[in-house]
Amino acid sequence: MSSKGTINVIGLGYIGLPTAMLFAKAGYSVVGYDTDEIKIRKLNQGLLYIDEPGLDLLFEEVTSLEKIVFTNELPPAGVHVVCVPTPVDYGKADLTYVKSALNEVSKVVREGDLVILESTVGPNDCDEYVLPIIYGWGKSVQFALCTERAIPGNTLHEMVANDRVIGVQDDSTGERVNKIYATVVSGNILTTNLKTAALVKVMENTYRAINIAYANELAKIADREGFDVWQAIKLANNHPRVNIHQPGPGVGGHCIPIDPYFLVDGSEQTKFIEYGLRVNEGMPEYVSSQLASLLAKLKIESPKICILGLAYKKDTDDERETPAEKIKMCLEELGYNDILFSDPYISSKELVPTDTALSKSNVVLVATDHTEYQSIDFAKYNNIALVYDTRNIIRQEQVLGKEVYWLGK
Ligand code: SAJ
């Protein structure tokens, strides 16, 4: 395959690493750059630190093609794709990592290079912070905002299949970016200005956050009124224009609980969004107090609690902003200190294997909807008295002879 040109991908996390590999597969000569020496060493030893479907095969393929190198020294390249995190800092995107990535680019940038930002930023961040930095280089450099929209757990598929919204300042940059992304993206590539592109990304995640908050409020109403919210949502979603999301123990990940804050500014217009975020943030406390009420009702004193699932989402090892951690803290605040954590996807010395955790506990709280929890036979653990499922994945047949409760039913 002939080389299409050179691309630097700066930041080899959940988005940068797969992005770098996809460009390499498409025929570009790619340099994957990260400041973390451990990551670079691992990649150069052929080891992956991200568990994503298909990523291992793609890694083998692109390393054997010799289309990608991993380094912590950035070389010159025609295109620089920045994929670094933007945490929230008092309601604004914290651009510290973006700024240091751009600083690295500034050392190698040449006339005519293209800089692409894939990180999520606030609506005015490109105009107010990013462009002034690039203009300060004193070179004719093109810039585009091309925020990633792939979901962890299905990243590779979504990176290719999803439509992309790109923000640019002029048509020629749009055409150049379009040509590059078209080599990896099968979805549509939709072009707009920088501000709109930034807003689209934040609006998508805010839509999801608010919809989940609505589902969480419905779950609380169901707990109070005694109906099955999961069934009710399923039935409501039969309507062609209704798509209510799922309730749960809270919202994790680096996006849904964080990005909406880029819109919230304390004004009247953003109060509704802010309230929704607070609803989701209150869920770990809510499910902990529900569990405490059940313990009191069932007279389970000094419970040994097992939390099943630390990852913030199903069948992944991703524990960023996980609600499970917050549930543990809430339970501890309520005076329950005998808590074991277990997650088949995460290896850490603080976690115990599922079977051990279940053998040593009398109370189980299901925090993550990992598929394998659906085949646990809780009945075989004589020690278990109560199962509280916040994800509605445990079926009655699995918990015969036990007290079982679900969030929202
Ligand atoms: N969750 C619920 N109920 C639901 C759906 C999700 O409680 O109905 C919870 C999950 O359990 C999880 C959290 O929300 O804790 C977030 O998970 P997620 O699957 O909604 O999303 P993320 O954060 O993994 O990825 C999102 C995606 N955004 C949208 O779907 C609009 C993804 O496409 C983005 O690329 C990603 O954010 C990002 O990087 O911004």
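The values are calculated or read from the model by the stated rules, or taken from the named source; none is laboratory data. This one's a predicted model, so the numbers in the text were calculated from it and none came from an experiment. Note: ideal-geometry Cβ built from the backbone for every residue, glycine included; neighbour counts use all protein chains shown.
Some observations on this one:
- Residue that is in contact with a Lys or Arg (Cβ under 7 Å, 6 or more places away or on another chain) and surrounded by fewer than 18 Cβ atoms within 10 Å (Cβ to Cβ), where the choices are ASP355, ASP338, ASP369: ASP338
- Some residue of the stretch 153-164 being at pLDDT 95 or above, small (Gly, Ala, Ser) and within 28 Å of SER100 (Cβ to Cβ): no
- For ASN103, the test of being modelled with pLDDT of 95 or more and out of contact with any Phe, Trp or Tyr (no Cβ under 9 Å at 6 or more places or on another chain) is passed.
- Total residues in the stretch 122-155 satisfying the condition of being acidic (Asp, Glu) and assigned to a loop (DSSP other than H, G, I, E, B): the figure is 1.
- Residues located in the stretch 176-212, provided they are in contact with a Lys or Arg (Cβ under 8 Å, 6 or more places away or on another chain) and within 10 Å of the ligand (Cβ to nearest atom): LYS201, GLU204
- Test: residue in the stretch 169-189 that is modelled with pLDDT of 95 or more, within 30 Å of ALA311 (Cα to Cα) and in a helix (DSSP H, G or I): no
- Residues satisfying the stated conditions in the stretch 1-38, i.e. under 24 Å from the mean Cα position of the chain (by Cα), assigned to a loop (DSSP other than H, G, I, E, B) and over 20 Å from ASP51 (Cβ atoms): THR35
- Selected residue (criterion: surrounded by the fewest Cβ atoms within 10 Å (Cβ to Cβ)) from residues of the stretch 29-48 that are over 15 Å from CYS83 (Cβ atoms) and touching a Lys or Arg at 6+ places or on another chain (Cβ under 8 Å): LEU48
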